[in-house]
Structure formats: structure tokens, C-alpha cells
Amino acid sequence: MIITKKAIPRRKILRGTGVTLALPLLDAMVPALTALGKTAAKPVNRLGVIYVPNGIVMDKWTPTAEGSAFEFSTTLQPLASFRDRVLVLTGLTSRGTAYGSHGNASTKFLTGTPPKKTQGTEVRAGISMDQIAARELGKHTQLASLEVELESGEAAGTCEVGYSCAYTSTIAWRNATTPLPMERNPRAVFERLFGDTASTDPAVRLARLEEQRSILDVVTRKVSELQQGLGPRDRAKLSEYLEAVRDVERRIQKAEEQNALELPVVEQPESIPASFADYAKLMFDLQVLAYQCDLTRIITFMIGREFSGRTYPEIGARDAHHPTSHHQNDPEKLAKLAKINTYHATLFAYYLDKLRATADGDGSLLDHLMIVYGSGMSDGNAHSPDDLPILLVGGGAGQLKGGRHLRYPGNTPLANLHVTLLDKLGVPVDGLGNSTGGLDTLSAV
């Protein structure tokens, strides 16, 4: 590490003709005294939430042993190489007045508050824990939070009888009456992170894309000037980051070109890869970039919406997800549903691998992140809100101890986990939704 009298500002941003390029944490951004070890640089702690719909085959998910002696179940096997960063939490519940409701599953997942039954616009739930964190942590970042998904309402299928579609369209609520939309277009997410044009007019966006062959081309000169003053480690780190940005952009452009060829009647093709795996990995990579540049510290991600009708022929699950989840204990349907659950876990493992490989201060992004992964129901056939499938993954900036399966007493509210995580993020609250306290074993030996 090169010690200089003046560090590069942590929020250094390169700008040029409608684009911005935030930089990852470099050694040159660390004050000289910190580099000498005379003051401790407190790592940034971040929060991610990943939601999977329609429940889980629980006997393929839940480890049999508890504590540090547990073995990864069939569904969780793809995460085995991240053992030291994984906490399996069982016994948590989101039981409420809307038992058996898909809307209750997704809405209560982060709010602890059941949805008001309405098919109109008078929706009501509660503020979600990610937005409580975003109010405070968003003061330090370009974006207070980022909400993304892999499925539109049309692809998900129907909405629940008696409930607004808003309840299954998001897991993030700004307040009790404002559900936040989830973005599914990778191009839109990319531009939100790296573009600063004020216009949302499609014609304006397309014209700017035609003028700019690459976002990096616009700021190349400024990047070159910056690299000249950096040490070897920083230059290597910056080069890896820039190549990651360019790779994501190339994949988006390729998807746009393919969609334009396949759907010539569409005025503005969506930049969504045809392969679900490619699509998921692209959206995961965008999230890595957002964390790496400290553009936001809060991300919620829906792999699918409740009622998801997506099919997965690539893994032999050709029937729609939601009907498959109503398995009625049919062995064939259960096997297909377990394949879907494992497939989602495999894609999650891809994300964790990228986070672990991305340097952040004295560790990695995975070291400085807390990710809640799970579903708002356990048995999809019964729409059960009890004994939910929940993982807590990451180091939490030194506040989490993984490698354990923790079982909590029955009827422990899922909201208790959120109260605890908010405290670890430095945003303590007295309660959230139906919480009854916190969970005191997440960092214990």
C-alpha cells in the first residue's frame, strides 16, 4: 500500500456527457494514518434481501443437525463452499391475519405487517426494514436503495383474489401505503447506476446510446489520468473493476441486439437475456457493481413473484412453478419443486462467489454484507407461514458468525430477525410490525 499525504475522496466520481462512474474502494482512498495501522478503518456494512416465491420443499431444505455440526441439505448443497458465511435459521414465522395468502407471504416478509384486503388502490401494510435502513444509510450514497426483480406481473400470472396485485409485486415498502416498484430491465438498472440523464423518454435514452459506444469510452481519459497516480495494487483493482463494468455492458448490449432481431415489431426491446441463468447472473453482477462502488448499501431482489408461473425446462421442470408448488404430496411434483429450489440456490451461489472475490477494504464484499435469503412461506401446498426457510449469509462487517444452523422456538416472528439486523446496521428500532424482540445468537460462538 502506498502512503500519501492526501487520500483520494471515497466518493470520487468521474463524469462525462451524461454518465457517471463511481470508483470502488482503493488503497489511495484510505487515510495515511489508517494505512499505517494507527487508526482503525471501520468497514461499511451493507444489507441485501433475496426473495424466492411459492415456498420450499422443507425436508430437502432443513438440515437435520443443529449448531456448527450441521450438514448442508440437498437444496442447500450449492452453498457448501460458503459454510463459514452461512447461517441457517429455522423456527421463524410470519403468521398473521392473512394466513394462507400469497400477498401475506411477500408483503409481510420485510414489514412484519399483514396486507389490508383490497382489490383497489387503498393498499396498506407497513414500512419494510430495508427502507428503514435506507433512510439512514442512504445519506451516504448516490441511491438510498435499489429494488430489482426477474419477473413481471404478467409473467407471474394471476393476482390473489381479494387482494391488490401490489402485494405480490414487491417486498419493499417506503411506508404503509407506498409499495416500491421493482425494476426488471438490466439496461434500466445499469443506467440508474451509471447514467445521470434526467430524461426517461425512450427516444432520448436510445439517442444517447447511439452516441456513446460505451460508458467507459466517455471517461477513458479521466480514468487514465487517475491510474497514473495509483500504486500497483490500486491499478490492478481499478482495471478489474472497469473490465467488470464493460463486461456487464457488453452482455446488456448483446441481449438488446438479440431481442431486436427476434422481436422486430417491438419499438424498444428490453435488454433481458433469453436464458434465465444468464439473466439472473447479469442482475447479480449489477448488484455487485452497486455495492463495490458504494452507490447504494441496500438492495432487495425478487427472483420471482408469488404466483410465479415461470417454467424451468433447462433443469427438467417444464411445468409452471406455482401449480407445481401445489404438489398435494405428489412425489413427481415434489421432485420438480425441489429442483427449482436447488436451481435458485445454485444461482445464489454464483452471486456469493462474485461477492467473495470482490475486494472491499481489508476483506471482501461478502465479509461486509448481510444477505437475507428465503421465502415468505414454507410449504407452498398449504401456504404455510410457519417454520420459514431463511438463510442469513455474509460477515456483517464482523458482526455475524456463520457455519451454524440455529433453531428458534416456534412462533418466533421473522420480524425479530429484522430488528436485530437493523441494530447491526446502526439503525436501531424499538420494533417492526409484529416483532417481539430481537435474536441474540447471530454473532455468538
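Bear in mind these aren't lab numbers, they're just calculated from the coordinates by the rules spelled out. As the structure is a prediction and not an experimental result, all values here were calculated from the model. Positions of Cβ are generated from backbone atoms using ideal geometry, with glycine treated the same way; all protein chains shown enter the neighbour counts.
Under a cut-off of 28 Å between alpha-carbon atoms, report the lysines in cross-link reach of K254, not counting same-chain residues fewer than 8 places apart.
Of all the lysines, those that pass the test against K254 - Cα under 28 Å, at least 8 places apart if same chain - are K222, K237, K281, K354.
What is the set of long-range amide H partners of G91 at a cut-off below 5 Å, with H atoms built 1.01 Å from backbone N?
D387, L388, Y408
Restricting to DSSP loop positions (anything but H, G, I, E, B) with no more than 16 other Cβ atoms inside 10 Å of their own Cβ, which chymotrypsin sites (Phe, Trp or Tyr not before Pro) remain in the range 56-157? It would help to have the intermediate numbers written out before the result.
Working: sites: W61, F70, F72, F82, Y99, F109; in loops: F70, F72, Y99.
Taking the range 56-157 and a limit of 16 other Cβ atoms within 10 Å, the loop chymotrypsin sites (Phe, Trp or Tyr not before Pro) found are Y99.
Hey, what do the phi angles of the range 226-236 turn into as Karplus ³J(HN,Hα) couplings, whole Hz, using 6.51/-1.76/1.60 and θ = phi - 60°, x for Gly and Pro?
Residue by residue, the range 226-236 yields 5, 4, 4, x, 9, x, x, 5, 5, 4, 5 Hz.
If neighbour count is taken as other Cβ atoms inside 10 Å, put E149, E306 in order from fewest to most.
Numbers: E149 23, E306 32.
Starting with the residue having the fewest Cβ neighbours, the order is E149, E306.
From the phi angles alone, apply the Karplus equation (6.51, -1.76, 1.60; θ = phi - 60°) to the range 409-426 and give each ³J(HN,Hα) in whole Hz, x where the residue is Gly or Pro.
x, x, 6, 6, x, 4, 4, 5, 4, 5, 4, 5, 5, 4, 5, 5, 7, x
Rank the residues T62, T220, T111 as a footprinting-exposure proxy: fewest other Cβ atoms within 10 Å of their Cβ go first. Before the final figure, lay out each step's value.
Numbers: T62 19, T220 13, T111 28.
Fewest-to-most Cβ neighbours within 10 Å comes out as T220, T62, T111.
Quick one: order E71, E183 by neighbouring beta-carbon count within 10 Å, fewest to most. All intermediate terms of the calculation are to be shown ahead of the outcome.
Numbers: E71 12, E183 16.
The order, fewest Cβ neighbours first, is E71, E183.
Suppose R0 equals 51 Å. What FRET efficiency, 1/(1 + (r/R0)^6) with r the Cβ-Cβ distance, do D319 and E240 give to the nearest 0.05? Walk me through the numbers before you get to the answer.
Details: r = 41 Å, r/R0 = 0.81.
Efficiency at R0 = 51 Å is approximately 0.80.
For the range 276-289, just list the computed ³J(HN,Hα) in residue order, Karplus coefficients 6.51, -1.76 and 1.60, θ = phi - 60°, integers in Hz, with x standing in for Gly and Pro.
For the range 276-289, the Karplus-derived couplings read 4, 4, 4, 4, 4, 5, 5, 5, 5, 5, 4, 5, 4, 4 Hz, x marking Gly and Pro.
Relative contact order for the range 121-183: what is it in percent, counting Cα pairs under 8 Å that are at least 6 residues apart? Please report the intermediate quantities before stating the final value.
Details: 67 pairs, mean separation 30.4, N = 63.
Relative CO of the range 121-183 lands at 48 percent.
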